[in-house]
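Notes for the one structure printed next.
Values quoted throughout were computed directly from the atomic coordinates according to the rules given, and no laboratory measurement underlies them. The structure presented is a predicted model; accordingly, all values stated were derived computationally and were not measured. Virtual Cβ from ideal backbone geometry, glycine too; neighbours counted across all protein chains shown.
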Amino acid sequence: MIFLYIVLGFLILLILLAIIAPKNFHLERSIIIEKPISEVFPYLKNIKNQDNWSPWKKKDPNMKQEFFGEDGTVGFIARWEGNKDVGVGEQEIKGIVENEQIDTELRFLKPFKSESDAFLKVKEVNSNSTEVVWGFSGVNKVPMNIMMLFYNMDKAVGKDFDEGLNDLKQVLEK
């Protein structure tokens with residue numbers, strides 16, 4: 001009987017955690033690049049260029065990559081298969097608003113399945129400076145949302161975004 005109460009208590013705890021745990025996530029970072037938007041945006045919309053500044057490419061420079069479609073256009077897909085730090089997944093360009101925003105969908109297969117909406121936004125600061133905002137958002141499904149109570153995505157992924165944007169700045173300002 002005690003075992004039954006323990007199991008029941010555990011199930012009630014899981015249900016309560018699933019109810020109160022965050023259902024959505026959103027993360028973004030930004031940087032100012034000392035280049036005009038006319039140079040920054042075309043570079044950003046080509047997904048293959050991410051190899052030059054992505055923090056995940058540095059974590060596995062030998063990752064296997066495949067590309068489908070025309071880079072820089074809606075429908076282009078970049079697939080990767082890497083070590084435990086980068087996993088397996090793909091990124092597809094879903095929308096482009098010229099000199100404003102690139103929307104992509106991230107589909108992770110390993111280490112766990114998930115989908116997120118990612119974006120790169122640009123905004124002219126002045127004729128020689130562009131703000132780049134990099135972010136992503138999505139839905140935490142049960143039981144993943146419970147795990148997010150104990151995982152600080154802003155701290156873990158935010159530092160990768162900061163590193164990537166700093167590398168992007170260095171690449172573009174050469």
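Annotations for the structure displayed:
- For the chain, the mean projected area of the C-alpha convex hull, equal to one quarter of the hull surface, is 11.5 nm².
- Inverse of mean 1/r across different Cα pairs in segment 83-157, Kirkwood, Å: 14.3
- With N the number of residues in segment 18-77, Rg(Cα) / (2.2 N^0.38 Å) evaluates to 1.53.
- Distance (nanometres) between label positions extended 7 Å along Cα→Cβ at Glu70 and Val133: 2.9
- Along segment 130-147 the Karplus relation, 6.51 cos²θ - 1.76 cosθ + 1.60 evaluated at θ = phi - 60°, assigns HN-Hα couplings of 10, 8, 10, 10, 10, x, 7, 8, x, 10, 8, 7, 5, x, 4, 5, 5, 5 Hz to successive residues, with x for each Gly and Pro.
- Where only DSSP H runs of four or more residues are counted, the chain gives -10000 deg cm²/dmol as its mean residue ellipticity at 222 nm, each run worth -39500 (n - 2.57).
- Toward the positive end of the charge dipole of segment 75-119, with +1 on the Cβ of Lys and Arg and -1 on the Cβ of Asp and Glu, the farthest Cα among Gln91, Pro111, Gln101 is that of Pro111.
- Each Lys or Arg adds one and each Asp or Glu takes one away; over the other residues whose Cβ falls under 10 Å from the Cβ of Ile93, this sums to -3.
- Mean-square fluctuations from a GNM of the chain, with a 10 angstrom spring cutoff on Cα atoms, peak among Val133, Val142, Val40 at Val142.
- Near Asn140, the amide H atoms lying under 5 Å from its own belong to Asn24, Phe25; only residues 5 or more places off or on other chains count, and H is placed 1.01 Å from N.
- Lys, Arg +1 and Asp, Glu -1 on Cβ, resulting dipole of the chain about Cα centre, debye, nearest 20: 640
- Label zone at Lys123, where the point sits 7 Å out along the Cα-to-Cβ direction: segment 134-160 residues whose backbone N lies under 17 Å: 134-136
- Shown is the FRET efficiency for Phe10 and Ser114, computed with R0 = 25 Å from the Cβ-Cβ distance and rounded to the nearest 0.05: 0.50.
- Helix runs (DSSP H) in the chain reaching 15 Å along axis by Cα, Kyte-Doolittle at least 0.5: 2-20
- Computed E for Lys84/Ser30 - FRET, C-beta separation, R0 35 angstrom, nearest 0.05: 0.75
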